[in-house]
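Heads up: the structure comes next, in structure tokens.
The values are calculated or read from the model by the stated rules, or taken from the named source; none is laboratory data. It should be emphasised that the depicted structure is a prediction, and the values quoted were computed from it without experimental measurement. Ideal geometry is used to build each Cβ from the backbone, glycine not excepted, and the neighbour counts take in all protein chains shown.
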Amino acid sequence: MIAMDIHAILKKLPHRYPILLVDRVLELEKGKRIKALKNVTINEPFFEGHFPHRPVMPGVLMLEALAQAAAILSFDSLGIDTDEKTVYYFAGIDGARFKRPVEPGDQLILDVTLDRAKSGIYKFKARAMVGDELAVEAELMCTMRRVP
């Protein structure tokens, strides 16, 4: 099992503040599974407008955090460090279900398993937990591309 701090994550992902949504990798099984952490704080820029009276992390950002964890798993499995010419795109999201609001102070545990990889398309089973409670689950499809 491999763990990564923020410095190692920054070498694997092209994302930067305010869209970098993975703070730490807790476990990584090469080519199989990743367990990562997103600390959700009141300082997140999206909380200012979503919602001022009751801050809740947008569901699309929970899915983005899961996709970023999936990208780390893919890049690490392939032995790739990201550069300005490597982009990891969503290719699809199936069965997304939101079960619990995520609020400031929560720790979002991102658990992503590689289901299959074929013709440059990666399919993952993904879920995010807050403590013992499921916050979101989905099947994600992603693809890596080199851009000019």
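Of everything in segment 71-87 that is farther than 12 Å from residue 21 by Cβ and crowded, with 20+ Cβ neighbours inside 10 Å, the residue that is nearest to the chain's Cα centre (by Cα) is 73.
Among what's in segment 94-126 and is touching a Cys at 6+ places or on another chain (Cβ under 8 Å) and of a type in the set (Phe, Trp, Tyr), pick the residue that is surrounded by the most Cβ atoms within 10 Å (Cβ to Cβ). Per the criteria, the residue is 124. Inspection of segment 127-135 finds no residue satisfying the criterion of being loosely packed, with under 13 Cβ neighbours inside 10 Å, free of Cβ contacts under 8 Å to residues at least 40 places away in the same chain and of a type in the set (Val, Ile, Thr). All but one of (1) assigned to a loop (DSSP other than H, G, I, E, B); (2) crowded, with 17+ Cβ neighbours inside 10 Å hold for residue 28; which doesn't? Unmet for residue 28, out of (1) assigned to a loop (DSSP other than H, G, I, E, B); (2) crowded, with 17+ Cβ neighbours inside 10 Å: (1).
Residues that are touching a Ser or Thr at 6+ places or on another chain (Cβ under 8 Å) and over 26 Å from residue 43 (Cα atoms) within segment 89-105 comprise 89, 91, listed in sequence order. Pairs under 8 Å by beta carbon, first residue without any contact (Cβ under 8 Å) to a residue 60 or more places away in the chain and surrounded by 11 or more Cβ atoms within 10 Å (Cβ to Cβ) in segment 1-20, partner among the aliphatic types (A, V, I, L, M) and not in a loop (DSSP other than H, G, I, E, B), six or more apart or different chains? Sorted first by the residue in segment 1-20, then by its partner, the pairs are 3/25; 3/26; 3/28; 8/25; 20/9; 20/10.
Just checking, which of 78, 134, 140, 108 is more than 22 Å from residue 46 (Cα to Cα) and either of a type in the set (D, E, K, R) or at pLDDT 90 or above (or both)? Lay out the reasoning, then the answer.
Details: 78 fails: either of a type in the set (D, E, K, R) or at pLDDT 90 or above (or both); 134 fails: more than 22 Å from residue 46 (Cα to Cα); 108 fails: more than 22 Å from residue 46 (Cα to Cα).
Every option except 140 fails the conditions.
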